[in-house]
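The values are calculated or read from the model by the stated rules, or taken from the named source; none is laboratory data. Everything numeric in this text was worked out from a predicted model, so none of it was measured. So basically every Cβ, Gly included, is an ideal-geometry build from the backbone, and we count neighbours across all protein chains shown. Remember, those area values only see protein heavy atoms, side chains included, never the ligands or the DNA or RNA. Shrake-Rupley method; radii C 1.70, N 1.55, O 1.52, S 1.80 Å.
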Amino acid sequence: MASSSRITILPQSKEALLKSYNARLKDDVRSMLENFEEILKLARRESHSQISKITQCEQDALEMQVRSANMVRAGESLMKLVADLKQYLILNDFHSVNEAITNNSQLFRATQIECDKKLMKLRDEMAMDLYDLEEEYYTSIFK
């Protein structure tokens with residue numbers, strides 16, 4: 001139910017695009033299934049036709065080639081669909097992009113604060129050491 005309410009909130013162009021992706025998916029899967037079923041039928045079929053066995057074998061081989069080419073085309077179309085979906089997700093998933101930017105920003109701020117604290121501590125230690133060294137130098141008899 002949450003996914004259907006999310007789809008109704010989408011702008012019309014995005015909803016139409018998602019519907020076209022869904023239609024492409026169904027068509028390509030149906031095409032692969034139908035062609036595979038027909039290839040299996042051809043492989044199991046015992047011919048009782050009036051044409052010669054050699055001619056029937058050639059016809060079956062040609063039909064299998066055509067159907068396997070259709071399956072390959074449907075598979076390539078599915079791979080193109082996956083690539084299109086990835087591109088759509090990358091280009092239109094602003095929430096995830098903004099969340100990643102926010103997380104990185106917080107991480108970098110925390111790192112900056114940590115570095116600043118370490119530098120301040122180092123500065124204070126160096127100032128104390130310098131003070132001790134200056135005091136030792138000015139009170140020394142070897143100057």
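Overview of results
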{"quantity": "Filtered residues of the range 88-124 (kept if of a type in the set (A, V, I, L, M) and farther than 30 Å from residue 18 by Cα)", "calculated": "107, 110, 113, 119, 120, 122"}
{"quantity": "Matching residues, the range 86-111, being in contact (Cβ under 8 Å) with a residue 24 or more places away in the chain and within 12 Å of the chain's Cα centre (by Cα)", "calculated": "88"}
{"quantity": "Search result, residues across the range 56-110 that are more than 30 Å from residue 15 (Cα to Cα) and either open to solvent by 70 Å² or more (accessible area, probe 1.4 Å) or not in a helix (DSSP H, G or I) (or both)", "calculated": "57, 58, 59, 62, 65, 66, 104, 106, 107, 108, 109"}
{"quantity": "Whichever residue in the range 26-51 is closer than 14 Å to residue 68 by Cα and among the aliphatic types (A, V, I, L, M) and, among such residues, is nearest to the chain's Cα centre (by Cα)", "calculated": "29"}
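Residue-by-condition table, conditions (1) exposed (fewer than 10 other Cβ atoms within 10 Å of the Cβ); (2) of a type in the set (Asp, Glu):
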site: 18; (1), (2): no, no
site: 24; (1), (2): no, no
site: 43; (1), (2): yes, no
site: 46; (1), (2): yes, yes
site: 49; (1), (2): no, no
